[in-house]
Amino acid sequence: MSAPPPTGPLVTRDTIATGLRLLGVETGETLLVHSSLSSLGWVNGGAVAVVRGLLDALGPSGTLVVPAQTGDQSDPAVWGNPPVPEEWWDRIRATMPPYDPLITPARGVGVVPETVRTWPCALRSAHPQTSFAALGPRAREITEGHAADCRLGERSPLARLEELGARVLLLGAGYDSCTAFHLAEYRIPAPRVRVGRPAPGGGWETVTEVSITSDRFDELGHDYERDRPVVRGTVGAADARLFPVADAVAYAERWLPLHRPRETDFPHPAA
């Protein structure tokens with residue numbers, strides 16, 4: 001039996017660019033994009049068409065940034081989806097290939113970020129677990145200097161995006177994927193955790209980091225949208241939201257201690 005025809009809508013590079021401009025994306029701005037390809041409809045050209053549409057809307061003076069995270073560069077002892085047998089852990093740690101920004105694929109963030117990561121002239125930050133990839137004239141400024149012990153804090157691309165007046169675009173993605181909220185976790189009381197990963201020169205290393213979690217980010221986003229000006233619209237079939245990184249971080253700094261307090265022995269965690 002043949003597969004049923006797609007229900008649409010038919011989405012193209014041009015309709016994506018037009019939809020983004022109507023939403024309010026401006027030529028020359030810097031945009032941190034979280035996306036869901038499947039939410040857009042039937043996209044002619046898939047993720048490549050989405051990236052081209054984003055670049056068309058931003059123009060040659062704009063900069064496109066995406067999360068390029070690699071959560072599998074982590075300790076197998078904490079894996080849960082799926083877990084692996086405990087008797088494998090030591091062997092996995094001993095043989096896991098170290099992070100290489102040029103070839104390590106992004107995981108768990110969708111096909112659009114992976115397409116950006118592999119795009120000609122794309123740059124990628126150095127953190128082995130929470131990197132960002134960027135295209136455009138500000139790509140190097142945003143991605144360089146991502147400290148190995150600062151996943152999403154002051155020495156990460158998120159802080160650079162805040163300084164540069166970047167905006168977040170949620171393109172078919174929810175607030176639970178909004179990485180900008182994590183920057184607030186570095187500015188409020190937060191616990192520390194030991195994070196394991198393959199060392200750059202081989203072997204295994206463990207670093208102390210601020211504990212980050214997207215728990216209740218959907219509620220945080222709901223309240224943020226209720227209280228602050230968030231541009232809403234559609235691109236293709238996808239719900240889209242557009243808002244400043246700095247405003248989202250400042251709101252999260254106030255919201256998280258009230259609605260999601262966390263016990264810590266470090267009242268002012270260093271980023």
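Helix 46-58 sits at what angle to the longest principal axis of the chain, using alpha carbons and giving 0 to 90 degrees rounded to 10?
So the inclination is approximately 80 degrees.
Can you give me the relative contact order of segment 160-237 as a percent, contacts being Cα pairs under 8 Å and 6 or more apart?
30 percent
Name the residue, out of V116, V48, V249, whose mean-square fluctuation peaks in a Gaussian network model built on the chain with Cα pairs under 10 Å.
V48
Select from V65, V51, V207 the residue whose mean-square fluctuation is largest in a Gaussian network model of the chain (Cα-Cα springs shorter than 10 Å).
It is V207.
What does the extension gain come out to for T213 and R140, with contour length at 0.36 nm per residue minus their alpha carbon separation?
23.6 nm
Return one number: the angle in degrees, 0 to 90 and rounded to the nearest 10, between the long axis of the Cα atoms of helix 13-23 and the longest principal axis of the Cα atoms of the chain.
80 degrees
Can you compute the helix-only [θ] at 222 nm over the chain? Use -39500 (n - 2.57) per DSSP H run of at least 4 residues, normalise by all residues, nearest 500 deg cm²/dmol. Numbers along the way, then the final one.
Values: 9 runs with 82 residues, N = 271.
Calculated at 222 nm, the ellipticity per residue is -8500 deg cm²/dmol.
Tell me, what is the percent relative contact order of the chain, built from C-alpha pairs under 8 Å that lie six or more residues apart?
On the way: 559 pairs, mean separation 59.3, N = 271.
In percent, rounded to a whole number, it is 22.
How about segment 77-120: which GluC sites (Glu not before Pro) there are in a DSSP loop, with at most 10 other Cβ atoms within 10 Å of their Cβ? Don't jump to the answer; show the numbers that get you there.
Working: sites: E86, E87, E114; in loops: none.
Listed in order of number, the matching sites amount to none.
Calculate one ³J(HN,Hα) per residue across segment 139-152 by plugging θ = phi - 60° into the Karplus curve 6.51 cos²θ - 1.76 cosθ + 1.60, and present them in order as whole Hz with x for glycine and proline.
After applying 6.51 cos²θ - 1.76 cosθ + 1.60, I find 4, 5, 4, 7, 8, 6, x, 6, 5, 5, 10, 9, 4, 9 Hz.
Name the long-range amide H neighbours of E205: under 5 Å, sequence gap of 5 or more, or other chain; modelled H, no Pro or chain starts.
Placed amide hydrogens put R197, A199 under 5 Å from E205.
Please report the antiparallel percentage of DSSP beta bridges with both residues in the chain, rounded to the nearest 5. Provide the component values of the computation, followed by the final result.
On the way: 23 of 33 bridges.
Given both bridge residues lie in the chain, the antiparallel proportion sits at roughly 70 percent.
Among P113, T30, S125, which residue has its Cα positioned farthest towards the positive end of the charge dipole of segment 1-160, with +1 placed on the Cβ of Lys and Arg, -1 on the Cβ of Asp and Glu, and the dipole taken about the Cα centre?
The one lying farthest along the dipole's positive direction is T30.
Relative to the longest principal Cα axis of the chain, at what angle does helix 217-227 sit, 0 to 90 degrees, rounded to 10?
The angle comes out at about 50 degrees.
Enumerate the amide H contacts of L169 below 5 Å, restricted to partners 5 or more residues apart or on another chain; note that Pro and chain-start residues carry no placed amide H.
The list, which skips near neighbours in sequence, is L32, V33, H34.
How much FRET efficiency would the formula 1/(1 + (r/R0)^6) give for R254 and D90, where r is the Cβ-Cβ distance and R0 is 35 Å, rounded to 0.05?
Step by step, r from the Cβ atoms, then E = 0.20.
Hey, can you grab everything whose amide H is under 5 Å from the amide H of D75? Only 5+ residues off in sequence or another chain; H modelled, so Pro and N-termini drop out.
So D75 has HN proximity to G196.
Readers should treat all values here as calculations from the given coordinates under stated rules, not as data from a laboratory. These numbers come from a predicted model, not from an experiment. Here Cβ is always computed from backbone atoms with ideal geometry, including for glycine, and neighbour counts include all displayed protein chains.
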